[in-house]
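Colleague: Just dropping this structure here.
The values are calculated or read from the model by the stated rules, or taken from the named source; none is laboratory data. Just so it is clear, the structure is predicted and the values come from calculations on it, not from any experiment. Cβ atoms come from the backbone with ideal geometry, glycine included; neighbour counts cover every protein chain shown. Calculation scope for accessible area: heavy atoms of the full protein, side chains included, ligands and nucleic acids excluded. Shrake-Rupley method; radii C 1.70, N 1.55, O 1.52, S 1.80 Å.
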Amino acid sequence: MSGFVTVDGIPVPIEGEKNLLALIRKANIDIPTFCYHSHLSTYGACRLCLVEINGREIDASCVVPPKDGMSIKTSTPKIRSMRRMNLELILANHKQDCPVCERSESCKLRDLSAKMGIHEVRFKPTKAEKPKDEGSVSLVRDPNKCILCGDCVRYCSEIQAVGAIDFVYRGGEAEVSPAFGRSLGEVGCVNCGQCAAVCPTAAIVPRNDTGKVWADLDNPKKVVAAQIAPAVRVALGEHFGLSSNESELGKIGTALRMLGFDKVYDTAFGADLTVVEEANEFLERKKKGENLPIFTSCCPAWVKFAEHFFPDALPNLSTCKSPQSMMGALLHDQYDKEAEKEGKEFVVVSVMPCTAKKFEITRPELSINGKPLVSHVITTSELASMIQEAGIRFADLDPVSMDLPMGFASGAGIVFGNAGGVSEAVARYVAGAPGSGGSQVLNFIDEVPEGGIRTATLGNGDQKIRIVSVQGLANAKRVVKEITEGKREADIVEVMACPGGCIGGAGQPISYDPDIKYKRSQGLHRADTAKQLRTTQSNPFVDQYYREIIKGDPGCHKAHELLHTHYSYRKRIGDLRISLVSGNSKEKVAVKVCVGTNCFLKGSQEILGALTKKIDDDGISGIVSVTATFCKENCGKGPTVHVGSKVLSHATPESVLKELDLQLNKN
Amino acid sequence: MDGSNTAVAENLKTRTSDYNAARDRVKRRIVVCAGTGCIANGSLKVFEKLKNLSEEKGLSVTIRLEPCDKHPKDVLLTHSGCQGFCQVGPLLTIDPDGILYTHVKPEDVEEIVSETLIQNKTIDRLLYRDPSTNETRKGKSDITFYNRQQRFVLQSCGVVDPEDINEYISNGGYDAARKTIFDMTPEQVCEEMKASGLRGRGGAGFPTGRKWELALRQKENEKYIICNGDEGDPGAFMDRSVLEGNPHSVVEGMIIGSRATGAQTGYVYVRAEYPLAVTRIRRAVEDARKAGFLGKDIMGSGHNFDIRVMEGAGAFVCGEASAMVSSIMGNRGMPRPKPPRSAEKGLWEKPTIVNNVETLALVPRIISGGAAEFRKLGTAGSPGTKTFALTGHVANTGLIEVPFGTTLREIVFEIGGGVLDEKGNIDNSAFKAVQIGGPSGGCLTSEHLDIPMDFDSLGSIGAMIGSGGLVVMNNSTCMVQIAHFFMQFTQRESCGKCVPCREGTQQLLGLLNEIIAGNGTDQTLSLMEELCSNVADSSLCGLGKSAPSPVLSTLHQFREEYEAHVSHKVCPTGQCTSLVPITIDAVLCKGCTMCTRSCPVQAITGEKKMPHVIDAMKCIKCGACISTCKFNAIKRGQA
């Protein structure tokens, strides 16, 4: 469609815009909206972006495609009054604890209310207060602040392909909720936190753990070390009016020491180690020809996603711990004893751009003797709030350097914060000879990815390495599917759950600047190019680490102990069951019948009927228990029935009763 | 092709003559109404008992005509769908005697068998009694409720056995489908529909022929046709009655629709709260498939079309096309912004035609009788008939069908038998209003009694036919309460997607609550008006846009009633209990002064041992005085 649309009397050319809203913005008019995001499907629910079209109808500009000759008005008295009233309607049922709200500074509802000149809400609240969802270690949901714009729902399903939350109930009861009214912590949520990042209010926010960190800092019996993720250094300054395209690592170091941290390290050192371990793991797999392609494992949201949705792909995940957990492991390995000698406890706090890292540290496999490798994770924004609370003038601080050796990273470690960074770092490692300066190998960083997927090939012939870098989990799902179906070839697949990579993480400052991710990525790029040492192998401390601490080569036993982990299949929804026949102490066989939708449709109800009938007829209710369970996530082979320890797929009433008889007779 | 056409025509003819021959071998036909209303009142028990007792008395009874059974029968006993006059059900018709028995209970069966079936006598006490004259009426043709109607789409409803495809065929069924498939091109079918002037019966009245033609022009291989049976208006049961009473007409209508548009798959979307409708339409689809009218290569024509029946979970909003599409695809039933319309991108992004049940049921009759014949009914702009669910303060309630253009006066005072006053007596002067079109509609008053009921005339006065709910109200009805009733419904049934509908309807309900509780002010009314226009203008879908209609329309027609509530704190009909004055009976009052002390606003005055009085302007109607008074001297309402 070409031509012009007249916007408030000014002709504006149509240049491929899909809707009037985009066209109006081009004309330097900020049209208010909650539910429109260019990368999500149009929803048309908040009814704020209303415009008058051709002097007749009023419609939401986000849903109307521009047509040549259209004439629209964006600010008639009627439209202004409708917008104001719709905002008033939202405000009436929005919990207004603005001064103490987490999103006080960045709340879009507050911002628009001020901009629309609303000074009075003429309507009364009609809803009773609902409890908060505090069940997730990463995120907190407060339905009382939700304005039902659906941004989180669409992000979760469209960009991340997770679908952990959706709308439930109708009318005034409508709310966004995980399945069955459960907590986010009990469902397939991967903790990426993009729901919180896209939320215009504080209906979903990253869990605030600053209290725990303050407590440790104030405890004289604790030695507290901090590690700072690459992406934090280019975003923290945003809170203090600094530009995103500079690394502020030095200032952050100063601030952390002022806050009372005893040691300050750079997670990018862990990233350097990841490069070494993962590259060697890859080469090993390539030699053996097994478990290829290798999927990166730095992103905790991706790892949990794979555990939930692609259990078959788990052997392909690199067994490397994430840089954060590697750092945790080796810091404890190094400094626990030292602290113990002084009668103190050594703890590690991470500053991360990420909410999923908060979940990662709770994994039992990432702990030693029950103590997590990293005790607390705070986000970039949480650190900013601590700095503000302490009254530190961040912008004016002088930079200091990190503690060595784990405070020094190569440029390769730093670019981990960008999507494509892991690929770049590995490429440099593979391409560069030890000690070489190393220059950029892939041009991922500067490119805007087509559909969130970028590919590159290194070397040729037998030595050819095909790299795929993916951002967004829906894209990851697509790539996994294509690889499984043989439609895509790859040797190394880097997955970053958040678009843009860690710089776009949900722990970063909330920004309404559309270019913010680009600026942060440029910041990391500059930090990388400013380094003399840009490859992992050129980082002398990496070499030193393997020589003195590991006392072996990458992938050796000690390296494995400290730097590698394992994964396991995870159900998408926690245990949910209904007991139908409860056995007694003499119970011999426990039968569990899946009544998830798929199994139900394939006849699990009949199986339950046959079972309860048999138990009644034979009078064996004491020795057999029957439980209806929720989805066993084995839908393709449903109905799934567990009889004792045996799992029956494609179960029928006959096969279940037969197996039950068999086991009863055996016992 | 022609070979199959002839074969199909022959087959239909044979089935018809076989059925008719079998029917001729039957002496009497008894039809027990098995519409939801009559079933709820025990008609199925009547049916069972009739069958058993008749057999005991030596009568030969069959409950389904088997054309191959050549033995004569005394009685053909069948179910039917809704016969319309639910108010006096369970209903039972006996032919050829032309008897309609009303309020039939299992206890009456013995008498029916011995008196009517054996001795050919009519039982007077079971006949309908005209409420105005108290005379008995023998059959439907003698009853005003029936004989003032013109049953077209409902002609077979309540007469035929909805579960017998042979009976449907014997009445010319499936010949229209044959005709469109073999004798007409899709374009011709669309033309014929356009010529008939048929307009969608779901509410908006969009011309069906044009809708089909637009769909036919869509260049997609896959297209869908949906029969919208998600009837959700409170009090409306037209679609349910058609699905229960004549499901094959809907199936045939869909086959014709598929021929006209090129759709290969159809869905009947019925709410799960209509279990009988679901069962009957399922049965009809199955029987039609067995007979070769559905499935691959229909009637050997090469045309493929099959129907699936989909049960909805009962959300009102799923009656909206895009929400219904979403629901059928297994998603949450929420409307999406348009464009694109469902006709361009509906089910699985393919062109999807959505037609109402009644519309589809009309289609076979239009094809078989011809467009010109159809146009003889109704008005020029709204040809045909319309079914209404007539309820409220009228003598006769039930399902009715009249030609478009019939006046409200005829419907209420003739078919409805007149308005009932507060005490239940017929008193036409008690008429106050008719609520038409359910929660999306508005009120008609006595000044509208002579307006012809059709799409355009009603549209011109800001009302709508809607899906056909007609609630008659007498002068004891408080219009604020009516608005409140519908708003309660709409706010609960809003899908919760867009702000004006979700939040706005809740706030409208809140404002109405304030008015009813006596807390309304002039600002309440102006805020309510502003809010109504905001919800109407800025909501996403048609349901939201029409949600404020009951408020706007009552406010428009009965503003003085609202003002009485707000300014004088009085509910003229006395229905809003908070606004009923509290008064002291001077005879019973002993002047004990207890009440003056319990009144929180010092509204009661009086000297000791003298009757006290309440200052109505000060009184907040809390009722504290009522509970304190030991002499029952204080009560709500005028003394």
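Colleague: Report the charge-dipole magnitude of chain A in Debye, nearest 20, computed about the Cα centre from +1 at each Lys and Arg Cβ and -1 at each Asp and Glu Cβ.
Modeller: It works out to roughly 1220 debye.
Colleague: Right, something else. With each label point set 7 Å from Cα along the Cα-Cβ vector, what nm distance links B:His568 and B:Thr133?
Modeller: So the label points at B:His568 and B:Thr133 sit 4.3 nm apart.
Colleague: Among A:Val647, A:Leu524, A:Leu292, which residue has its Cα furthest toward the positive end of the charge dipole of chain A, with +1 on Lys/Arg Cβ and -1 on Asp/Glu Cβ?
Modeller: Of the options given, the answer is A:Val647.
Colleague: Follow-up. Could you go through the stretch B:207-212 in sequence order and give the Karplus-derived ³J(HN,Hα) for each residue, using 6.51 cos²θ - 1.76 cosθ + 1.60 with θ = phi - 60°, rounded to whole Hz, and x for Gly and Pro?
Modeller: These are the phi-based 3J(HN,Hα) values: x, 5, x, 5, 4, 5 Hz.
Colleague: Using a ≥ b ≥ c from the Cα gyration tensor of the stretch A:532-667 (square roots of the eigenvalues), is it rounded, prolate or oblate, where a/c under 1.5 gives rounded and otherwise the larger of a/b and b/c decides, a/b for prolate? Walk me through the numbers on the way to the answer.
Modeller: Values: a/c = 4.37, a/b = 2.96, b/c = 1.48.
Since a/c reaches 1.5 and a/b is larger than b/c, the shape of the stretch A:532-667 is classed as prolate.
Colleague: Please give the length that would be gained between A:Glu606 and A:Lys464 if that part of the chain were fully extended, namely 0.36 nm times their separation in residues minus their C-alpha to C-alpha distance (nm, one decimal). It would help to have the intermediate numbers written out before the result.
Modeller: Details: separation 142, 0.36 × 142 = 51.12 nm, distance 5.51 nm.
The A:Glu606-A:Lys464 span can extend by a further 45.6 nm.
Colleague: Kindly provide the helix-only [θ] at 222 nm of the protein assembly as shown, computed as the sum of -39,500 (n - 2.57) over DSSP H runs of four or more divided by all residues, to the nearest 500 deg cm²/dmol?
Modeller: Numbers: 44 runs with 445 residues, N = 1306.
Value at 222 nm, helices only, nearest 500: -10000 deg cm²/dmol.
Colleague: Can I ask one more? Rounded to the nearest 0.05, what FRET efficiency is calculated for B:Gln523 and B:Ala195 with R0 set to 56 Å and r the Cβ-Cβ distance? All intermediate terms of the calculation are to be shown ahead of the outcome.
Modeller: Details: r = 54 Å, r/R0 = 0.97.
Taking R0 as 56 Å, the efficiency between B:Gln523 and B:Ala195 is 0.55.
Colleague: Distance check, please: which entries in A:Lys487/B:Lys296; A:Lys67/B:Lys345; B:Lys194/B:Lys386; A:Lys73/A:Lys517 exceed 26 angstrom between their Cα atoms?
Modeller: Details: A:Lys487/B:Lys296 35 Å; A:Lys67/B:Lys345 19 Å; B:Lys194/B:Lys386 18 Å; A:Lys73/A:Lys517 33 Å.
Where the Cα-Cα span goes over 26 Å, the pairs concerned are A:Lys487/B:Lys296; A:Lys73/A:Lys517.
Colleague: Still on this structure, I have one more. Which value, to two decimals, describes the C-alpha radius of gyration of chain B once divided by 2.2 N^0.38 Å? Intermediate values should be presented prior to the final figure.
Modeller: Details: Rg = 28.1 Å, N = 639, 2.2 N^0.38 = 25.6 Å.
Against the compact-globule rule of thumb, the ratio is 1.10.
Colleague: Take every residue in peptide B:505-516, count the Cβ atoms of other chains within 10 Å of its Cβ, and give the average of those counts. Before the final figure, lay out each step's value.
Modeller: On the way: counts 3, 10, 10, 1, 2, 5, 3, 0, 1, 1, 0, 0.
Other-chain Cβ atoms within 10 Å of each residue's Cβ, averaged: 3.
Colleague: Next up: Among DSSP bridges having both ends in chain A, what percentage is antiparallel? Round to the nearest 5.
Modeller: Values: 37 of 68 bridges.
Here the antiparallel bridges make up roughly 55 percent for chain A.
Colleague: Still on this structure, please answer the following. Roughly what % antiparallel, to the nearest 5, for the DSSP beta bridges in the protein assembly as shown? Mind showing how you got there, number by number?
Modeller: Working: 73 of 135 bridges.
Taking every DSSP beta bridge within the protein assembly as shown, about 55 percent pair in antiparallel fashion.
Colleague: Return one quarter of the surface area of the convex hull spanned by the alpha-carbon atoms of the stretch A:284-380, equal to its mean projected area, in nm². Working shown, then result.
Modeller: Details: hull surface 29.9 nm².
The number I arrive at for the stretch A:284-380 is 7.5 nm².
Colleague: Also, I was wondering about something else. What distance in nm separates the simple spin-label points at B:Lys290 and B:Asp456, each placed 7 Å from Cα in the Cβ direction?
Modeller: For B:Lys290 paired with B:Asp456, the spin-label model returns 4.7 nm.
Colleague: Please calculate the 1.4 Å probe accessible area of B:Ile353, with all protein chains present, and give it to the nearest 10 Å².
Modeller: 0
Colleague: Compute the Cα gyration tensor for the stretch B:6-148, then decide on rounded, prolate or oblate, letting a ≥ b ≥ c be the square roots of its eigenvalues: rounded whenever a/c is under 1.5, prolate when a/b is larger than b/c in the other cases, and oblate in all that remain. Numbers along the way, then the final one.
Modeller: Values: a/c = 1.96, a/b = 1.47, b/c = 1.33.
Taking the square roots of the gyration eigenvalues as a ≥ b ≥ c, the stretch B:6-148 is prolate.
Colleague: Positive end of the dipole of the protein assembly as shown, charges at C-beta (+1 Lys, Arg; -1 Asp, Glu), about the Cα centre: which of B:Thr596, A:Pro364, B:Val159 has its Cα farthest in that direction?
Modeller: B:Thr596
Colleague: Which residues in the stretch A:371-398 place their backbone N less than 12 Å from a point set 7 Å from the Cα of A:Glu246 along the Cα-to-Cβ direction?
Modeller: A:395-398
Colleague: Relative contact order (percent) for the stretch B:107-249, with alpha-carbon contacts under 8 angstrom and 6 or more residues of separation? Before the final figure, lay out each step's value.
Modeller: On the way: 85 pairs, mean separation 29.0, N = 143.
Once normalised by length, the contact order is 20 percent.
Colleague: Continuing with the same structure: Set Lys and Arg Cβ to +1 and Asp and Glu Cβ to -1, take the dipole of chain A about its Cα centre, and tell me which of A:Ser469, A:Gly421, A:Phe4 lies farthest positive.
Modeller: It is A:Phe4.
Colleague: Dipole magnitude of the stretch A:42-134 about its Cα centre, charges +1 at Lys/Arg Cβ and -1 at Asp/Glu Cβ only, in debye to the nearest 20? Don't skip to the end; give the middle numbers.
Modeller: Details: 18 positive and 13 negative charges, 66 e Å.
Once rounded to the nearest 20, the dipole reads 320 debye.
Colleague: In nm, give the distance between the simple-model label positions of A:Ile29 and A:Asp513, each being 7 Å from the Cα along the Cα-to-Cβ direction.
Modeller: Between A:Ile29 and A:Asp513, the simple spin-label model gives 2.7 nm.
Colleague: Right, here's the next one. Nearest 0.05, what FRET efficiency do B:Gln150 and A:Phe180 give at R0 = 51 Å with Cβ-Cβ as r? Intermediate values should be presented prior to the final figure.
Modeller: Numbers: r = 52 Å, r/R0 = 1.02.
Taking R0 as 51 Å, the efficiency between B:Gln150 and A:Phe180 is 0.45.
Colleague: Send over the Kirkwood Rh of the stretch B:72-203, from the inverse of the averaged 1/r over different Cα pairs, rounded to one decimal Å. Don't jump to the answer; show the numbers that get you there.
Modeller: Numbers: mean 1/r = 0.0563 Å⁻¹.
Roughly 17.8 Å, rounded to one decimal.
Colleague: Additional query: Determine the shielding of peptide A:513-526 by partner chains: average, over its residues, the number of Cβ atoms on other chains within 10 angstrom of each Cβ.
Modeller: Values: counts 0, 0, 0, 0, 0, 0, 0, 0, 0, 0, 0, 0, 0, 0.
Per residue, the average neighbour count from other chains is 0.
Colleague: For a Förster distance of 60 Å, can you work out the FRET efficiency between the beta-carbons of B:Arg23 and A:Arg56, rounded to the nearest 0.05?
Modeller: On the way: r = 59 Å, r/R0 = 0.98.
Calculated transfer efficiency: 0.55.
Colleague: A follow-up question, please. Which distance in Å, rounded to a whole number, links the C-alpha centroids of the stretch A:170-225 and the stretch B:507-584?
Modeller: Between the Cα centre of the stretch A:170-225 and that of the stretch B:507-584, the gap is 42 Å.
Colleague: Averaging sequence separations of C-alpha pairs under 8 Å and six or more residues apart, then dividing by the length of chain B, give the relative contact order as a whole percent.
Modeller: 11
Colleague: Now for a separate question. Alpha carbon centre of the stretch A:368-435 versus the stretch B:313-347: separation in Å?
Modeller: Comparing the Cα centres of the stretch A:368-435 and the stretch B:313-347, I get a distance of 48 Å.
Colleague: Work out the mean other chain Cβ neighbour count within 10 Å for the residues of A:167-176 and drop it here as an integer.
Modeller: On the way: counts 5, 2, 2, 14, 16, 10, 5, 7, 1, 0.
Neighbouring Cβ atoms belonging to other protein chains average 6 per residue here.
Colleague: Subtracting the Cα-Cα distance from 0.36 nm times the residue separation, let me have the gained length for A:Lys67 to A:Glu158 in nm, one decimal. Present the calculation step by step, with values, prior to reporting the outcome.
Modeller: Working: separation 91, 0.36 × 91 = 32.76 nm, distance 2.77 nm.
Result: 30.0 nm gained on full extension.
Colleague: Please work out, to two decimal places, the log10 of the ratio I(q)/I(0) at q = 0.09, 0.12 Å⁻¹ from a Debye calculation in which every Cα of chain A carries one identical scatterer.
Modeller: Scattering profile of chain A, log10 relative to I(0): -0.86, -1.30.
Colleague: May I pose another question? What is chain A's relative contact order, in percent, from Cα pairs under 8 angstrom and six or more apart in sequence?
Modeller: 12
Colleague: Nearest 20 debye, what's the magnitude of the dipole of the stretch B:84-205 about its Cα centre given +1 on Lys and Arg Cβ and -1 on Asp and Glu Cβ? Could you put the intermediate results ahead of the total?
Modeller: Numbers: 14 positive and 20 negative charges, 126 e Å.
That gives a dipole near 600 debye.
Colleague: Grab the other residues whose beta carbon is less than 12 angstrom from that of B:Arg151, score K and R as +1, D and E as -1, and report the net. Numbers along the way, then the final one.
Modeller: Working: positive: B:Lys140, B:Arg148, B:Arg365, B:Lys386; negative: B:Glu401.
That works out to +3.
Colleague: Also: Rule-of-thumb check for the protein assembly as shown: C-alpha Rg over 2.2 N^0.38 Å?
Modeller: Details: Rg = 37.6 Å, N = 1306, 2.2 N^0.38 = 33.6 Å.
The value comes to 1.12.
Colleague: Want the number for A:Glu489 to A:Glu173: 0.36 nm per residue separation, take away the alpha-carbon distance, what's left?
Modeller: Length difference between fully extended and current span is 109.0 nm.
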